[in-house]
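J.: Shown below is the structure under consideration.
FYI, it's all coordinate maths here, none of it is from the lab. It should be emphasised that the depicted structure is a prediction, and the values quoted were computed from it without experimental measurement. Here the Cβ positions follow ideal geometry from the backbone for every residue, glycine too, while neighbour counts run over all protein chains shown.
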Amino acid sequence: MQNIFDSHAHYDDKQFDPDRDRLLSSLPDAGVRYILNAASNLRSAKAGIRLAEQYGFVYCAVGVHPHDAKGAPEDLEARLTELSKHPKVRAIGEIGLDYHYDFSPRDRQLEVFRRQLQLSKELDLPVIIHDREAHRDTMELLREYRPRGIVHCYSGSAQMAEELVKMGMYIGFTGVVTFKNARKALEAVAAVPMERLLVETDCPYMAPEPHRGRRCDSSMIPEVATAIAGVKNCTAQQVLDITCRNACNVYGIAADA
């Protein structure tokens, strides 16, 4: 398959340290056209920029994940603004709320999320939203700020997805759609119009079937596309073509870049 746009990856993760360059160099031959490397903190944001400088098909985002909100500096906005000047930076992310692990206090998560939502408006950049077991607070802030962007690794209901689409958001789906217990995720896929769908790995995590338990990478995206195609009554290649166009639209990348 061709035209794969992995709309959310973490190739700066230490799991890729042994073979990062070899793996990334091999991905175009596996049909991967573009990758967006999302940040977790300022250190990984800088690492993502370095990867984007090294590989023409890699773009990146800068931001502070809710897990790292507790360590966000007072001058976060200034630092992200400076990083965002790089031409390969195409979003603020990943940002949001995680009430599953609560690695950062919830009030701190909310504060840092608000600050980055406001910054995305000022910089006119899309956001990449992380929402785990925090649907109510996430939706309240998205209704308030009305950013453009993506809710990645979607875990909400079909009804919530419909509201997000009405806001103009894109919805990213991972290997979860291939799991045996994927009913809720597939219901959300059915509720999202094709022009608002994205595919992603969230690698090195969330490997799809039949690769569960392995380190995930962008070459596994066809499994995600195949599962979505089964819901949308089309081919996996059509899913890849449409989601590539969608990701180019949201990240401001020319289709022939």
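J.: Contour minus end-to-end for Arg106 and Met194, with contour as 0.36 nm per residue of separation and end-to-end as the Cα-Cα distance?
T.: Between Arg106 and Met194, full extension yields 28.3 nm more.
J.: Exposure proxy check: Cys248, Cys234 ranked by fewest other beta carbons within 10 Å?
T.: So the residues, fewest neighbours to most, are Cys234, Cys248.
J.: Sorted from fewest to most neighbouring beta carbons within 10 Å, what does the list Val177, Val127, Val64 look like?
T.: Exposure proxy ranking, most exposed first: Val177, Val127, Val64.
J.: How are the Cα pair distances of the chain distributed, in percent, across 10 Å bins from 0?
T.: 8, 34, 39, 18, 1
J.: Calculated from DSSP H runs of 4 or more alone, at -39500 (n - 2.57) each and per residue, what is the 222 nm mean residue ellipticity of the chain, nearest 500?
T.: -12500 deg cm²/dmol
J.: Tell me, what is the FRET efficiency for Glu77 and Glu187 to the nearest 0.05, using R0 = 45 angstrom and their Cβ-Cβ distance as r?
T.: Approximately 0.75, to the nearest 0.05.
J.: Rank the residues Arg146, Arg79 as a footprinting-exposure proxy: fewest other Cβ atoms within 10 Å of their Cβ go first.
T.: Arg146, Arg79
J.: By the 4.7 Å beta carbon criterion, which cysteine residues of the chain come out unpaired?
T.: Cys with no partner Cβ under 4.7 Å: Cys60, Cys153, Cys234, Cys244, Cys248.
J.: Run the simple label-point estimate for Gln54 and Cys234 please: 7 Å along Cα→C-beta, distance reported in nm.
T.: Here the answer is 3.4 nm between the modelled labels.
J.: By how many nm would the segment from His135 to Arg22 grow when fully extended, if each residue of separation counts as 0.36 nm and the alpha-carbon distance is taken off?
T.: Full extension from His135 to Arg22 adds 36.9 nm.
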